[in-house]
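Data first, discussion second: the structure below is written as structure tokens.
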Amino acid sequence: MLDRGRALLRTGCLALPLLATAALAAPAPAEPAAPPPAAAEAATRLLSVAPGLGRAQRVTVYSAAMRADMGLTVYPARDPDAPAPVLYLLNGAAGGIDGSSWTDRTDLAGFFAGEQVTVVVPDGGEGSYFTDWRVDDPALGRQRWTTFLTAELPAIVDAEFDGTGADAVAGISMAAASVFQLAVAAPGRYRAIGSYSGCARTSDPVGQAMVAAVVARWRGNPANMWGPFTDPAWAANDAYLQAEKLRGVALYVSAGSGAPGRFDTVEELDGNPGKLADQITLGGALEAITARCTRQLQDRLRQLDIPATFDFRPTGTHSWKYWEQDLHNSWPLFRAALNR
């Protein structure tokens with residue numbers, strides 16, 4: 001999300017009251033259009049598997065829910081002929097475009113090369129919160145991510161890559177809220193969740209304004225997602241309020257303080273002082289906000305006596321090297337949950 005951070009901070013997190021007012025006055029959701037008969041009847045299915053870079057494979061799946069061909073990058077398990085659990089990794093608000101993705105910005109391929117787990121990174125999802133939108137959006141189109149990720153895709157992946165039926169999901173920034181929402185919507189789907197630098201609380205005024213800022217950055221209308229702010233769908237998709245449904249899932253939640261840390265150096269950013277300035281100022285502000293959200297979630301889970309691992313880094317901005325480290329740190333928890 002840092003690569004879109006300047007616009008988000010200008011129109012989002014630093015102007016939450018203004019955004020809340022604008023979102024409340026947003027146009028009403030569009031009326032859903034009837035699908036063409038052929039599209040409505042098409043079944044979700046695997047379309048193709050092709051070699052990617054290194055160990056990666058590029059997979060295309062037709063989704064009946066999305067009515068679209070969906071791209072994935074898949075890293076097969078160490079022994080592709082033996083059964084393996086699946087870890088799904090969701091990109092942030094940019095949906096992986098412009099190189100802002102797990103595959104482009106982390107050591108994902110090498111880190112999991114020796115692990116008996118299949119890793120799946122879906123393309124797309126910018127500004128969508130990876131949820132099922134109420135109606136199709138004029139700008140963002142059809143968004144039925146919850147159905148695709150929890151009801152359609154797992155069976156396809158398990159059949160093609162010999163899955164064990166044990167899944168975990170992790171996400172950054174926007175998707176750090178989405179991973180909780182997916183687990184709430186599909187109980188039992190995931191054995192473990194990783195939430196890195198996100199805000200799970202989405203239905204209070206601050207949370208709604210933040211969601212509206214992210215969606216509006218991609219020219220979407222949040223009313224097309226969960227309706228107006230007064231609609232019960234906002235509370236139904238708020239993992240803070242629905243936290244009881246997370247009981248029994250292995251949870252790893254992390255955030256930095258926003259203060260510059262060991263990865264906030266010009267050397268880490270290809271010698272580009274402009275990128276460093278953005279990462280420290282904009283990325284620092286974003287991370288400080290998510291740290292407050294994360295502490296709220298910690299308090300909520302403690303009230304409910306739901307076990308969870310929280311990692312509050314004393315430094316660190318809203319940026320990829322910290323999320324790479326979060327993935328490394330959370331993997332032992334995921335591995336134990338996936339193999340129990």
- prompt: Consider Thr265 against the criteria (1) open to solvent by 40 Å² or more (accessible area, probe 1.4 Å); (2) part of a helix (DSSP H, G or I); (3) of a type outside the set (Gly, Ala, Ser): it satisfies all of them except one. Which criterion is unmet?
  reply: (2)
query: Would region 104-121 turn up any residue that is closer than 20 Å to Ala200 by Cβ and in contact (Cβ under 8 Å) with a residue 40 or more places away in the chain?
result: no
statement: Among the residues of region 187-213, the number that are in a helix (DSSP H, G or I) and open to solvent by 10 Å² or more (accessible area, probe 1.4 Å) is 4
- request: State the number of residues belonging to region 268-310 that are out of contact with any strand residue (DSSP E or B) (no Cβ under 8 Å at 6 or more places or on another chain) and part of a helix (DSSP H, G or I).
  value: 24
message: Here is a list: Ser195, Ser203, Ser178, Ser173. Which entry is more than 30 Å from Asp81 (Cβ to Cβ), at pLDDT 95 or above, polar (S, T, N, Q) and over 14 Å from the mean Cα position of the chain (by Cα)?
response: Ser203
Every pair of residues 6+ apart whose Cβ atoms lie under 7 Å, when the first sits in region 302-321 and is under 30 Å from Asp104 (Cα atoms) while the second is surrounded by fewer than 16 Cβ atoms within 10 Å (Cβ to Cβ) and not aliphatic (A, V, I, L, M): Phe310/Gln298
- prompt: Among the helices (runs of 4 or more DSSP H) confined wholly to region 1-113, which include 1 or more residues that are modelled with pLDDT of 95 or more and buried (at least 18 other Cβ atoms within 10 Å of the Cβ)?
  reply: 102-105, 108-111
- prompt: Looking at region 307-340, which of the residues that are charged (D, E, K, R), touching a helix residue (DSSP H, G or I) at 6+ places or on another chain (Cβ under 8 Å) and buried (at least 18 other Cβ atoms within 10 Å of the Cβ) is nearest to Leu89 (Cα to Cα)?
  reply: Glu324
- prompt: In the set Leu246, Leu241, Leu251, Leu297, which member is within 21 Å of Ala175 (Cβ to Cβ), free of Cβ contacts under 8 Å to residues at least 60 places away in the same chain, surrounded by 21 or more Cβ atoms within 10 Å (Cβ to Cβ) and hydrophobic (A, V, I, L, M, F, W, C)?
  reply: Leu251
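Yes/no per residue for (1) within 22 Å of Gly227 (Cα to Cα); (2) in a strand (DSSP E or B); (3) not β-branched (Val, Ile, Thr):
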| residue | (1), (2), (3) |
| --- | --- |
| Gln116 | no, no, yes |
| Val135 | yes, no, no |
| Ala139 | yes, no, yes |
| Thr147 | yes, no, no |
| Asp158 | no, no, yes |
- prompt: Can you tell which of Asp311, Asp270, Asp278 is acidic (Asp, Glu) and closer than 20 Å to Ala200 by Cα?
  reply: Asp311
query: Pick from Leu297, Leu286: which is within 16 Å of Gly92 (Cβ to Cβ), of a type in the set (A, V, I, L, M, F, W, C) and under 20 Å from the mean Cα position of the chain (by Cα)?
result: Leu286
message: Just to be sure before I move on: is Leu276 crowded, with 18+ Cβ neighbours inside 10 Å, within 23 Å of Tyr129 (Cα to Cα), out of contact with any Gly (no Cβ under 6 Å at 6 or more places or on another chain) and not aromatic (Phe, Trp, Tyr) in the structure I sent?
response: no
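The values are calculated or read from the model by the stated rules, or taken from the named source; none is laboratory data. Just so we're clear, the structure is a prediction, and the values are computed from it rather than from any experiment. Heads up, the Cβs are rebuilt from the backbone with ideal geometry, glycines too, and the neighbour counts pull from every protein chain shown. Quick note on the areas: whole protein, heavy atoms, side chains included, nothing else; ligands and nucleic acids left out. Shrake-Rupley method; radii C 1.70, N 1.55, O 1.52, S 1.80 Å.
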